Amino acid sequence: MTERETRKPRLYLSLRAAGWSRRWLAGLLLSLLPLLAVAGEDPEGLLFEENGQWVATLAMDTSVHMRVHGLMAEVSVRQTYRNDSSQWREGRYLLPLPENAAVGALTLRIGDRLVEGEIREKEDAKAAYEAAAAAGQRASLVSQNRPNLFQTAVANIGPGEEIEIEVRYWQPVAYRDGVFSLGLPLTLTPRYLPAPSPEASFAMHSMAASAPDTLPAAATAVDRGIAAGPTVALIADIDAGLPLQRVESPTHAVSVFGHEGRHRVELAELVEPSDRDFALEWEPVPSKAPRSAVFLDRVAGEDYALLMLVPPTLPVAPLPRELILVIDNSGSMSGASMAQAIEAADRALARLRPGDRFNVIRFDDDFELLFADAVPAEPGNVARARAFVRALRAEGGTEMLPALVAAFADHAPEGYLRQVVLATDAAIGNEDQLLRFIESGRGKSRLFPVGIGSAPNGHFLRKAAELGRGTSVAVRDVNEVAEKMDGLLAKLDRPAMRDIQVDWPGVAEAYPARIPDLYQGEAVQVVARLDRIDGIATVRGLSPQPWSRRLSLGSEKSLPAPGVARLWGRARIDALEDELRRGGDIESLRPAIVDVALRHGLVSSYTSLVAIDKTPARPAGESLGSTQLANATPAGSLAFAQGSTGWQRDLILAAVLLLGSLLMLRARQISPVGAP
């Protein structure tokens with residue numbers, strides 16, 4: 001491949017990053033193609049030259065259908081790949097999904113023909129896909145890179161042809177502060193992977209070697225990216241089982257139809273750019289707010305249960321606290337994300353109480369402590385901290401580990417509880433290393449991650465809160481900061497429901513094995529495999545006095561919910577991967593993960609879904625090109641995680657290229673005949 005063939009469409013990328021819509025960009029790019037050719041700017045990956053004309057290589061759009069029944073959601077994600085060229089193509093895409101998604105079904109649609117996928121060990125599935133692609137057969141592969149990041153691949157899309165794949169997954173519905181919620185990541189912030197360092201010498205046994213970030217292409221040459229990212233259409237059908245007083249999305253404009261406990265939600269614009277995560281919330285009428293629920297599933301002769309319980313929070317005086325604010329000001333936070341982080345930190349500082357202690361740590365390529373040690377929350381100290389936070393700018397890489405080491409160092413004074421609030425988009429590639437340190441190095445501190453931006457790393461935020469024995473919150477817009485941070489800080493004032501246990505009837509294998517502390521308004525959610533479905537489950541905890549609640553598993557209030565078994569399988573795999581992260585024996589843990597994944601039909605670190613159409617389609621002698629479609633740039637983010645110097649450089653580059661193209665065209669128009 002020549003240097004010209006590998007150049008990226010920098011003009012297109014820069015304008016898209018600056019917020020231009022896909023429609024405007026498409027028109028602009030097509031109108032400027034002659035100018036781009038003059039300027040030597042090759043839009044390879046979006047278009048290629050064919051018989052003297054610029055032609056689109058591959059496009060992909062997404063449609064999502066969510067079906068919610070009580071505490072369970074079944075979601076189908078359909079990707080339609082369209083090949084407008086005269087070449088046979090392979091399409092590949094990094095697919096972000098919820099961090100607790102149990103991915104368990106794949107369908108390949110060619111016209112009216114459907115091909116069902118099957119779960120196989122990862123290497124076997126990859127080999128089958130590559131062999132089918134080489135033989136000219138249409139095929140699809142779904143593989144896991146990280147627990148919340150998958151890759152889809154579709155081979156042998158014929159000229160002028162559309163091929164659709166459908167990926168299905170199951171996930172539990174969240175319940176907090178009286179509100180049900182469901183989220184779907186639609187893009188991702190590029191991850192920063194720190195270089196090896198002495199501080200990282202204790203890093204866990206990484207699973208990256210067995211779950212690489214990219215799949216080998218079936219074709220020899222890979223075009224890198226359609227810069228605009230796909231669009232998304234989304235419908236959600238909610239059967240809450242109880243009357244609702246509110247159904248809305250805090251991230252997108254939606255249209256809501258229905259009444260009582262059944263509603264349909266659609267995007268108001270029907271189709272949207274996939275440049276920010278989607279969130280959906282619904283709230284029951286106060287008199288019908290649930291306090292407990294049990295959902296049951298039976299698969300292959302085995303019984304599974306999903307239990308939800310909202311325990312009371314008893315009013316007590318808050319403990320004196322030592323609040324450590326850790327603020328990510330790396331390059332991926334440029335734009336709206338940095339503004340959100342600054343507002344969130346400022347809100348936390350403004351709410352400090354007399355008698356509290358605090359400190360502020362910021363990090364990018366390195367880290368900086370505002371004070372050598374935590375100081376009293378006196379007006380002068382607080383004013384200095386607020387000025388420090390307001391002056392932060394986003395730049396550099398995301399070296400989070402040294403900042404966390406500093407935040408957890410030493411101990412809070414006697415009588416104080418150290419609470420570490422981490423504001424970040426978590427655009428990092430070393431999640432496992434960081435999670436291992438949080439679990440082993442936090443001491444008595446509690447960690448409260450605040451997810452910042454339109455596409456934060458949900459897997460890391462959830463696990464960091466779980467291992468840090470805190471709770472997490474997502475701030476997607478500057479207008480949400482006051483509400484979200486006030487809610488979080490109010491929870492910090494309330495002691496947790498701690499030492500929570502569930503006593504199941506008979507023999508049970510339940511996850512999470514250790515239920516994390518709960519804060520005001522949070523619910524216990526546990527999934528279990530049982531040896532019998534009847535009997536009483538008893539939930540116990542301290543708040544701060546002993547508390548318990550009994551739930552009947554065999555009562556008429558227990559609801560059937562297909563998918564609970566898959567949720568248990570996903571939770572079991574997560575627990576085994578946690579053991580790997582702690583340094584467990586891969587020779588024994590890997591077969592255990594594979595066994596659970598194959599029995600429950602789940603994609604995992606070591607298993608993938610593959611679908612193959614048996615009939616060859618690509619004629620012998622026809623080559624197969626490959627396109628890695630790019631994810632959309634997160635809304636409000638104008639830089640990338642890998643130490644970007646910011647959006648201004650890209651925008652200036654775009655302007656210079658455009659101006660240069662226009663000037664060169666003008667010069668050609670006015671040059672005398674025969675002039676060079």
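Of the strands (runs of 3 or more DSSP E) contained entirely in the stretch 524-634, those carrying at least 3 residues that are surrounded by fewer than 16 Cβ atoms within 10 Å (Cβ to Cβ) fall at 536-542, 546-552, 607-616.
Yes/no matrix, rows are residues, columns are (1) aromatic (F, W, Y); (2) closer than 30 Å to R262 by Cβ; (3) touching a strand residue (DSSP E or B) at 6+ places or on another chain (Cβ under 6 Å); (4) free of Cβ contacts under 8 Å to residues at least 12 places away in the same chain:
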residue: E283; (1), (2), (3), (4): no, yes, yes, no
residue: P286; (1), (2), (3), (4): no, yes, no, no
residue: Y304; (1), (2), (3), (4): yes, yes, yes, no
residue: S337; (1), (2), (3), (4): no, no, yes, no
residue: P379; (1), (2), (3), (4): no, no, no, yes
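With respect to N145, determine if the residue is under 15 Å from T607 (Cα atoms) and part of a strand (DSSP E or B). Taking the combined requirement at face value, the residue satisfies it.
Scanning the stretch 386-435 for residues that are in a helix (DSSP H, G or I), free of Cβ contacts under 8 Å to residues at least 40 places away in the same chain and over 24 Å from the mean Cα position of the chain (by Cα) turns up A387, F388, F408. Looking only at residues in the stretch 282-313 that are open to solvent by 40 Å² or more (accessible area, probe 1.4 Å), of a type outside the set (S, T, N, Q) and part of a strand (DSSP E or B), the one that is nearest to L542 (Cα to Cα) is E283. Can you tell me which residue in the stretch 176-187 is farthest from V232 (Cα to Cα), limited to those that are part of a strand (DSSP E or B) and either out of contact with any strand residue (DSSP E or B) (no Cβ under 7 Å at 6 or more places or on another chain) or open to solvent by less than 20 Å² (accessible area, probe 1.4 Å) (or both)? Per the stated criteria, the residue is F180.
Of all the residues in the stretch 68-107, those that are closer than 20 Å to E272 by Cβ and either part of a loop (DSSP other than H, G, I, E, B) or of a type in the set (K, R) (or both) number 4. If you go through the stretch 523-558 and keep only what is at pLDDT 90 or above and among the acidic types (D, E), you end up with just D531. For D410, the conditions (1) closer than 25 Å to D477 by Cα; (2) modelled with pLDDT under 90 are fulfilled apart from (1). In the set (1) assigned to a strand (DSSP E or B); (2) more than 20 Å from H65 (Cα to Cα), the condition left unmet by A128 is number (1). Quick one: is M485 open to solvent by less than 20 Å² (accessible area, probe 1.4 Å), touching a residue at least 60 places away in the same chain (Cβ under 8 Å) and in contact with a Gly (Cβ under 7 Å, 6 or more places away or on another chain)? No, not satisfied.
Among the residues of this structure, E121 does not count as one that is buried (at least 23 other Cβ atoms within 10 Å of the Cβ) and acidic (D, E). One residue stands out among those in the stretch 466-481 that are open to solvent by 40 Å² or more (accessible area, probe 1.4 Å) and assigned to a helix (DSSP H, G or I): the one that is modelled with the highest pLDDT, which is E466. Scanning the stretch 154-176 for residues that are touching a Lys or Arg at 6+ places or on another chain (Cβ under 6 Å) and over 30 Å from L435 (Cα atoms) turns up N156, I157, E162, E164, E166.
In the stretch 159-175, the residue that is least open to solvent (accessible area, probe 1.4 Å) out of those that are farther than 30 Å from S287 by Cα and in a loop (DSSP other than H, G, I, E, B) is E161. Of all residues in the stretch 68-93, those satisfying the criterion of being among the small types (G, A, S) and closer than 22 Å to Q137 by Cβ are S85, S86, G91. Flag set for H69, criterion: touching an Asp or Glu at 6+ places or on another chain (Cβ under 7 Å) and open to solvent by 40 Å² or more (accessible area, probe 1.4 Å).
The numbered conditions (1) open to solvent by 10 Å² or more (accessible area, probe 1.4 Å); (2) under 23 Å from D578 (Cα atoms) are all true for R418 except (2). Would you call A236 at pLDDT 90 or above and among the aliphatic types (A, V, I, L, M)? Criteria met by A236. The set of residues from the stretch 243-274 being hydroxyl-bearing (S, T, Y) and at pLDDT 95 or above comprises S249, S255.
Considering the stretch 429-465, the residues that are within 18 Å of P402 (Cα to Cα) and among the hydroxyl-bearing types (S, T, Y) include one that is surrounded by the fewest Cβ atoms within 10 Å (Cβ to Cβ), namely S440. A single member of N100, N148, N156 is open to solvent by 10 Å² or more (accessible area, probe 1.4 Å) and under 22 Å from A630 (Cβ atoms), and it is N148. Of the candidates A391, A383, A372, A426, the single residue that is open to solvent by less than 40 Å² (accessible area, probe 1.4 Å) and among the small types (G, A, S) is A426.
The values are calculated or read from the model by the stated rules, or taken from the named source; none is laboratory data. Because the structure is a prediction, the values reported are computed rather than measured. Neighbour counts are summed over all protein chains in view; Cβ atoms, including those assigned to glycine, are modelled from backbone coordinates with ideal geometry. Just so you know, the surface numbers come from the protein's heavy atoms only, side chains and all, with ligands and any DNA or RNA stripped out. Shrake-Rupley method; radii C 1.70, N 1.55, O 1.52, S 1.80 Å.
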